[in-house]
Amino acid sequence: MSPPTGTAPPAAGTPGVSPPAPVPAGPDAAELRRRARRSRRYRRDLRWSPYAFVAPFLLFFLAFGLFPLLYTGWASLHRVELTDPTHMEWVGLRNYTRLWDDEFFWNALRNTLTIGIISTVPQLAMALGLAHLLNYRLRASTFWRVAVLTPYATSIAAATLVFALLFGRDYGMINWVLGQLGVDAVDWQNGHWSAQLAVSTIVIWRWTGYNALIYLAAMQAVPRDLYESAALDGASRWQQFRHVTIPSLRPTILFTAVVSTIGATQLFGEPLLFSGSAGATGGSDHQYQTLGLYLYEQGWINLHLGRASAIAWAMFLILLLIAAVNWLIARRLRKSQ
């Protein structure tokens with residue numbers, strides 16, 4: 001029998017009848033607007049925050065990196081003197097063609113190349129061996145790692161002045177040691193190869209520890225399983241170093257070689273301060289004048305900013321060539337692996 005129409009619902013508290021469930025109240029309009037604002041802020045933060053974080057670097061790079069590079073390229077096409085840098089006379093590629101016929105430019109390029117080879121090859125070899133030793137379990141290992149980095153923290157001026165005293169002709173310690181061994185004294189500052197060797201020694205002393213720590217970080221990432229397998233096969237420490245460590249460090253070795261080559265191309269402070277009287281000429285016969293010194297001599301001593309700008313762009317093109325060679329070697333290494 002169906003209930004009669006129009007029957008009222010049972011009253012609350014009636015025995016046997018449960019009260020109706022409360023209906024949840026929905027967000028009001030103000031709360032919905034706040035949620036929408038928070039959502040928009042979150043999306044804007046997610047989208048623009050990375051750009052805001054890198055913006056300071058980009059601004060500094062544009063102001064102190066890209067703009068000087070482009071302005072130097074523009075100045076290299078003009079005759080500009082340091083006495084009147086705002087007066088520029090268009091000369092086209094004349095500054096570059098003069099470099100082609102300039103024997104001092106080629107002398108500086110040869111010196112840069114030889115000092116770069118003499119300093120880079122022993123430096124990286126010594127850094128590799130030093131990192132191999134630091135990779136062993138040593139007492140006070142943190143102390144040794146900080147100690148090898150100390151020369152890098154030393155200023156170029158202080159290090160060069162000390163080495164200039166060590167390589168002194170009459171009272172230098174190096175000649176004293178050679179004299180104890182029965183070798184005649186060497187005129188380190190005025191000789192061609194001796195001066196380049198002395199300048200390279202300063203570079204080696206400053207950068208070997210820095211490269212050693214880079215190699216050490218790469219060595220600690222080599223899986224220990226490779227060493228254990230080599231040890232089980234009877235490989236000695238030296239064989240493990242040759243056949244496990246060095247192949248695993250190929251990309252790191254290539255990176256340090258490129259960075260060291262770039263640093264050698266820009267070598268300036270050590271040859272400038274090695275002989276206080278020579279200055280930017282790089283010795284009495286320009287025997288250790290690098291490209292950086294020749295640029296400084298043309299721009300700030302001879303006052304030819306246009307020629308100095310052409311030298312700077314020539315150095316930049318050399319670095320681009322080094323980067324291209326690096327890319328080709330890295331590509332071949334990836335294919336061989």
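Take segment 118-127 and flag every residue that is open to solvent by 30 Å² or more (accessible area, probe 1.4 Å) and either free of Cβ contacts under 8 Å to residues at least 12 places away in the same chain or hydroxyl-bearing (S, T, Y) (or both). Result: V121, A125. Within segment 285-328, being touching a residue at least 24 places away in the same chain (Cβ under 8 Å), farther than 17 Å from I115 by Cα and of a type in the set (S, T, N, Q) holds for S309, N326. Reported count of residues in segment 51-83, each being of a type outside the set (G, A, S), surrounded by 10 or more Cβ atoms within 10 Å (Cβ to Cβ) and more than 30 Å from R98 (Cβ to Cβ), is 7.
Selection within segment 261-270: residues that are open to solvent by 20 Å² or more (accessible area, probe 1.4 Å) and in a loop (DSSP other than H, G, I, E, B). The member of this set that is modelled with the highest pLDDT is F268.
Residue-by-condition table, conditions (1) open to solvent by 20 Å² or more (accessible area, probe 1.4 Å); (2) over 17 Å from L166 (Cα atoms); (3) among the small types (G, A, S):
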position: W205; (1), (2), (3): yes, no, no
position: T208; (1), (2), (3): no, yes, no
position: A221; (1), (2), (3): yes, yes, yes
position: Q239; (1), (2), (3): yes, yes, no
position: V259; (1), (2), (3): yes, yes, no
position: L272; (1), (2), (3): yes, no, no
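Given the structure, is L130 touching a Leu at 6+ places or on another chain (Cβ under 7 Å), more than 22 Å from I301 (Cα to Cα), open to solvent by 40 Å² or more (accessible area, probe 1.4 Å) and not charged (D, E, K, R)? Considered against the rule, which asks whether it is touching a Leu at 6+ places or on another chain (Cβ under 7 Å), more than 22 Å from I301 (Cα to Cα), open to solvent by 40 Å² or more (accessible area, probe 1.4 Å) and not charged (D, E, K, R), L130 comes out as no.
Just checking: which of the helices (runs of 4 or more DSSP H) contained wholly in segment 172-252 hold 3 or more residues that are under 34 Å from the mean Cα position of the chain (by Cα)? Steps first, please.
Details: elements: 173-180, 192-219, 224-232, 237-240.
Qualifying helices (runs of 4 or more DSSP H): 192-219, 224-232, 237-240.
List pairs: first residue in segment 182-196 and free of Cβ contacts under 8 Å to residues at least 24 places away in the same chain and more than 12 Å from A164 (Cα to Cα), second residue surrounded by 15 or more Cβ atoms within 10 Å (Cβ to Cβ) and among the aliphatic types (A, V, I, L, M) anywhere in the structure, Cβ distance under 6 angstrom, at least six positions apart or on different chains. From segment 182-196, the pairs are S194/V186. Here segment 148-172 is the region considered, the condition is being small (G, A, S) and either touching an Asp or Glu at 6+ places or on another chain (Cβ under 9 Å) or surrounded by 12 or more Cβ atoms within 10 Å (Cβ to Cβ) (or both), and the residue that is nearest to G282 (Cα to Cα) is A164. Of the numbered criteria (1) more than 22 Å from G73 (Cα to Cα); (2) surrounded by fewer than 22 Cβ atoms within 10 Å (Cβ to Cβ); (3) out of contact with any Leu (no Cβ under 8 Å at 6 or more places or on another chain), the one A324 fails is (1). When you scan segment 90-116, how many residues do you find that are assigned to a helix (DSSP H, G or I) and without any contact (Cβ under 8 Å) to a residue 60 or more places away in the chain? Adding up the residues that qualify gives 7. If you check S119, S76 for being under 30 Å from N211 (Cβ atoms) and either touching a His at 6+ places or on another chain (Cβ under 8 Å) or at pLDDT 90 or above (or both), only one passes: S119.
The values are calculated or read from the model by the stated rules, or taken from the named source; none is laboratory data. Computed from a predicted model, the values in this text were never measured in an experiment. Note that we place each Cβ from the backbone using ideal geometry, even for glycine, and neighbour counts take in every protein chain shown. SASA here: full protein model, heavy atoms, side chains in, ligands and nucleic acids out. Shrake-Rupley method; radii C 1.70, N 1.55, O 1.52, S 1.80 Å.
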